[in-house]
Amino acid sequence: QLDDARRETERHRQQVEAASAYLESVLANLSAGVLAFDRDGRLRAANRGAMAILREDLTELEDQPLAEWPRHGALAAAVIAAFKERGHEWQQELELEEGGATQVLLMRGSTLPEAGGGGTVVVFDDITQLISAQRSAAWGQVAQRLAHEIKNPLTPIQLSAERLQLKLA
């Protein structure tokens with residue numbers, strides 16, 4: 001019975017390790033940024049997407065409270081405030097200014113279950129290019145409507161000018 005129990009335990013451990021490796025692989029290959037924090041607000045994990053979006057190696061910030069992050073104070077303040085004001089789940093847009101460039105992040109936060117150790121997770125994506133494309137499309141529509149409105153009165157004027165030219169000829 002002990003031998004069977006050991007084999008069963010080993011099989012479960014291997015399944016847990018495989019599931020953990022699979023989850024790590026999925027998180028590592030997401031383009032969205034994922035930050036996991038413990039109950040005290042210390043960074044537990046960050047994926048490559050988060051490092052690419054924030055343009056910083058976040059491994060050096062592990063075990064450092066979110067409120068004390070040196071470069072990303074606006075992000076830290078927004079995350080802390082969102083969890084305080086909105087509770088367990090929230091979503092918001094955040095504009096970050098860095099070196100004269102604006103970066104817009106769409107962030108979503110959630111509290112993790114206590115059974116798994118608790119803490120919070122924040123998932124975010126850089127939507128700067130999406131907003132820029134939407135603005136360009138909107139300006140294109142404005143230009144198209146403006147051209148149409150200018151063309152509308154010009155057509156009768158052109159027809160009247162052609163009639164006058166025929167009468168004068």
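Remarks
- Just one of the numbered conditions (1) open to solvent by less than 30 Å² (accessible area, probe 1.4 Å); (2) out of contact with any Leu (no Cβ under 9 Å at 6 or more places or on another chain) is not true of ARG11: (1).
- The residue of the stretch 112-169 that is most open to solvent (accessible area, probe 1.4 Å), among those that are within 23 Å of GLY33 (Cα to Cα) and in a loop (DSSP other than H, G, I, E, B), is PRO113.
- All conditions in (1) touching a residue at least 12 places away in the same chain (Cβ under 8 Å); (2) open to solvent by 50 Å² or more (accessible area, probe 1.4 Å) hold for ASN47, with the sole exception of (2).
- A count restricted to the stretch 68-111 and to residues that are exposed (fewer than 12 other Cβ atoms within 10 Å of the Cβ) and among the acidic types (Asp, Glu) stands at 4.
- Scan of the stretch 56-67 for residues that are open to solvent by 70 Å² or more (accessible area, probe 1.4 Å) and either in contact (Cβ under 8 Å) with a residue 12 or more places away in the chain or over 20 Å from the mean Cα position of the chain (by Cα) (or both), ordered by number: THR59, GLU60, GLU62, ASP63, ALA67
Here is a yes/no grid of residues against (1) farther than 30 Å from ASN29 by Cβ; (2) charged (D, E, K, R); (3) in contact (Cβ under 8 Å) with a residue 24 or more places away in the chain:
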position	(1), (2), (3)
ALA74	no, no, no
THR102	no, no, yes
MET107	no, no, yes
GLY116	no, no, no
VAL121	no, no, yes
GLN129	no, no, no
ALA147	yes, no, no
ALA169	yes, no, no
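The values are calculated or read from the model by the stated rules, or taken from the named source; none is laboratory data. Here the structure is a predicted model, which is why all the values come from computation and not from measurement. Neighbour counts run over all protein chains shown; Cβ positions are idealised from the backbone, glycine included. The protein model used for the area step is the full one, side chains on, heavy atoms only, and it has no ligands, DNA or RNA in it. Shrake-Rupley method; radii C 1.70, N 1.55, O 1.52, S 1.80 Å.
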